[in-house]
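The values are calculated or read from the model by the stated rules, or taken from the named source; none is laboratory data. All figures in this text were calculated on a predicted structure; none of them were measured in a lab. Counting neighbours? That spans all protein chains shown, and the Cβs are built from the backbone with ideal geometry, glycine included. Protein only, heavy atoms only, side chains kept; ligands, DNA and RNA dropped before computing areas. Shrake-Rupley method; radii C 1.70, N 1.55, O 1.52, S 1.80 Å.
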Amino acid sequence: MAQLWGGRFTKETDQLVFNFNQSISFDQKFFAQDVRGSRAHVTMLAKQGILSEAERDEILTCLDTIVADVESGKLTFEGGYEDIHSFVEANLIERIGDTGKKLHTGRSRNDQVALDMRLYVRDELDETEALLLNLLKTIHGIMEENKDTYMPGFTHLQKAQPVTLAHHMGAYFEMFKRDRDHLLSLRERMNVCPLGSGALAGTTYPLDRAYSAALLGFDGACANSMDGVSDRDYVLEYLSAAATMMMHLSRLSEEIIIWNSNEYQFIELDDTYSTGSSIMPQKKNPDIAELIRGKSGRVYGAMMSLYTTMKGIPLAYDKDMQEDKEMTFDAIDTTKSCIHLMEGMLKSSVWNKARMEKSAAQGFTNATDAADYLVRKGVPFRDAHGIIGRLVLLCIEKNCAMDDLSLEEWKSECDAFDEDIYEAISMKVCVERRLTEGAPGAMEEELAKNRTYLENAVKSR
Ligand code: ARG
């Protein structure tokens, strides 16, 4: 058991206690961030004259060799270290002796772990954002290609009005755009450095907090050292953003599952993104979409778990906070892989445009437009609604679409109908007449906005 403490103890830690207390089995995930933090800390210590330049260089060089040895597999995390911080420090001391013992001057594991977690979440946030941007580009591509692909729009999962695939996918563009914007605003809020907070009360050494913060790409040092070691709000915010992303991904997955079913056949998933059944040879299952939908549960779970952990913690650092890691790591990995897979699944799928259009033509999706036609001829909307309702009933009896009714049949319910009714309820007109901002007929404007959004997003990277 390699520990950083022990001076005031007369007995060894019980093995069970050690196992329960250790975090190296999972906090090794932020080894790179831990070393990055130590490099900044030691550079600042030398700048302030707390360590000599020679000591700084010795430590920096040794940190490089430790990283190289871990990467090559020469050095492993085995060996009974309590956590990743102990692992790095113990190896430093083993290699350079007394100089290594100076690394932790003016620092506590409390501000160290607060820093590591913050760096880790920030790195992962950047990767999540990049994945979201890719997904947005793919969705935008589908929209551009499907401005004229008609499909039924649904409410209550009942055919409602005809829309286009571009319009339908545009709703998901908005959702993932909000997710991305949420991450970007979180990045700004969380970008303060806890280093220098010490155990909770700061330190007597003349640290330059702004300097170490700048070395690590932060906008500045956190304002209050007690908050610095105990703030995990940014983790909660990431998890809540992730929960919302998973909810969006899950809704889209659900639609893909429905659209891929034999009844709908709107979309055909590529073989590379589907799986088969061990017994039914004909099956091609949408497992990836189902798994994305299913995995939303564990991400929500991670968020709830951390809220619950944090709610009873008195200031400042308490060991409960070690529980901020495992489920968060899992939630981050899960969310990232789901975004990635959704993007690949969408990109490789084929849309069955003819089938979608045929489906949109059935189910009286143009009934509202027929009513609007009467309103344009001066019939009050409520009366028009009743007239069209009766005509729909007639169509159901005759097993035909509204487009198949003869002019006499239209006129049997209302004299205001004329030859131009057929054009007025054609799919193309139904869609293109919807010109209000955000409607399927105004798709060019929406696409132009999305294009600008994507261009600016790429520029700002
Ligand atoms: N493994 C600990 C954590 O994840 C590191 C901080 C330990 N600090 C302490 N005072 N024991 O929170």
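A compact table of results
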read-out: Length released on extending from THR13 to SER25, taking residue separation times 0.36 nm less the Cα-Cα span; value: 2.5 nm
read-out: Nearest-ten-degree value, helix 326-348 long axis tilted from longest Cα axis of the chain; value: 40
read-out: Ratio Rg/Rh, restricted to the stretch 235-280 and using Cα atoms, in which Rh is the Kirkwood radius; value: 1.17
read-out: Computed [θ] at 222 nm, deg cm²/dmol, the chain (DSSP H ≥ 4; -39,500 (n - 2.57); rounded to nearest 500); value: -20000 deg cm²/dmol
read-out: Under 17 Å from LYS283, Cα to Cα: aspartates and glutamates that are on another chain or at least 8 residues apart; value: GLU263, GLU268, ASP270, ASP271
read-out: Sequence-distant lysines (8 or more away, or on other chains) whose Cα lies within less than 26 Å of LYS459; value: LYS137, LYS177, LYS336, LYS347, LYS449
read-out: Modelled FRET efficiency - R0 51 Å, SER261 with ASP208, Cβ distances, 0.05 increments; value: 0.25
read-out: Surface accessible to a 1.4 Å probe, ASP233 within the full protein complex, Å²; value: 100
read-out: Farthest toward positive dipole pole in the stretch 302-360 [+1 Lys/Arg, -1 Asp/Glu at C-beta], among GLY344, SER359, THR328; value: SER359
read-out: Rg over Rh [alpha-carbon atoms, Kirkwood Rh] for the stretch 206-247; value: 1.15
read-out: With Cα atoms, 0 to 90° folded angle of helix 31-47 axis to the chain main axis; value: 50
read-out: Among LEU135, HIS156, ALA114 the positive-end extreme of the charge dipole of the stretch 111-196 (Cβ point charges); value: HIS156
read-out: Descending Cα extents along the principal axes, the stretch 1-125, whole Å; value: 42, 39, 29
read-out: Alpha carbon Rg of the chain, scaled by the compact-globule rule 2.2 N^0.38 Å; value: 1.35
read-out: Volume per residue of the C-alpha convex hull in the stretch 287-424, rounded to whole Å³; value: 218
